[in-house]
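The values are calculated or read from the model by the stated rules, or taken from the named source; none is laboratory data. Here the structure is a predicted model, which means the values were calculated and not measured. All Cβ positions, glycine included, derive from the backbone under ideal geometry; neighbour counts span all protein chains shown. To get the accessible areas, we keep the full protein, side chains included, count just its heavy atoms, and leave off ligands, DNA and RNA. Shrake-Rupley method; radii C 1.70, N 1.55, O 1.52, S 1.80 Å.
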Amino acid sequence: MDAYPDPANPPTPTRAARARPRGRGYASGDARRTRILNIALQEFAENGYRGTSLARIAERAELTQAGLLHHFRSKQELLVAVLDLRDRMDIEHLDLGVLPLGGEAALDKLAELAEHNRNIPGLVQLFTVLTGEAVTTDHPAHGWAQDRYAMLRSSVTASLEAGRASGELRADIDPPAVAAQVFAMMDGLQLQWLLDPEHVDMATLFRDYVEHLLRRIRA
């Protein structure tokens, strides 16, 4: 049976605990991890996974390589942490936790995301570079990329099915196929925008695509 401390008789703190304010070490460690992740995000975006050096990340973070490995035990673990960070940003922006929405609301959120991504080209570049690399089965991000697309397609499919069930969308649409087409358009426009931002307005073109799609699939 586990022993729980008595609130009336709290344990006496150790000498080390008395000497060090509680939480300072954790706060410092969290700040350092955040700094490492932000630097790694930039490096992975600019150089891809294979072209990124742990030594370079450590240097930019003003750490030794051993110090970096204290926080992230390998380059692969660091990559996974960066990808998780990137996904959390998108999930928070899209409010994916509240899906399924109606089909029109879900597509509108994706158009909002395209507009948001226009302001964070570094993150979009990271996604594009790593996703392109991850098509090979031996790449550390291969499973992440597969799972990410499966999750996104599933979420939008559920929203389209909800819209079909409510009568908002036509009964004869194929939600999984529409979801796959939506992400193909979104990612294709992102790639063209990264290569030629002066001539490809990703957000406007994707919004226009969504509006045409909705006109086609509304009930």
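Where does the range 51-193 land on Rg/Rh, using Cα atoms and the Kirkwood Rh?
1.06
For the pair Ala55 and Asp187, how long in nm is the line joining their label points, each one 7 Å along Cα→Cβ?
Each label point is offset 7 Å from its Cα along the Cβ direction, giving 3.4 nm.
Which percent of the accessible area of the range 51-161 is formed by carbon and sulfur heavy atoms (probe 1.4 angstrom)?
After summing per-atom areas, the C and S share lands at 52 percent.
For Ala219 and Leu85, what does the FRET efficiency come to when R0 = 35 Å and r is the distance between their Cβ atoms, rounded to the nearest 0.05? Kindly include the intermediate steps, with their values, before the conclusion.
Numbers: r = 39 Å, r/R0 = 1.12.
According to the calculation, E is roughly 0.35.
Classify the range 114-219 from the C-alpha gyration tensor, please: rounded if a/c falls under 1.5, else prolate or oblate depending on whether a/b exceeds b/c.
Working: a/c = 2.82, a/b = 1.37, b/c = 2.06.
Cα axes put the range 114-219 in the oblate bin.
Let me spell out the model: positive unit charges on the Cβ of Lys and Arg, negative unit charges on the Cβ of Asp and Glu, origin at the Cα centre of the range 30-187. What dipole size does that give, in debye rounded to 20?
580 debye
Among Val182, Leu214, His142, which residue has its Cα positioned farthest towards the positive end of the charge dipole of the range 128-219, with +1 placed on the Cβ of Lys and Arg, -1 on the Cβ of Asp and Glu, and the dipole taken about the Cα centre?
Farthest towards the positive end: Leu214.
Mind giving me the FRET efficiency for Val200 and Ala177? R0 is 30 Å, r the Cβ-Cβ distance, nearest 0.05 is fine.
With a Förster radius of 30 Å, E is 0.75.
Efficiency by 1/(1 + (r/R0)^6): what FRET value for Asp30 and Thr136, r their Cβ-Cβ distance, R0 = 30 Å, to the nearest 0.05?
After rounding, the FRET efficiency stands at 0.35.
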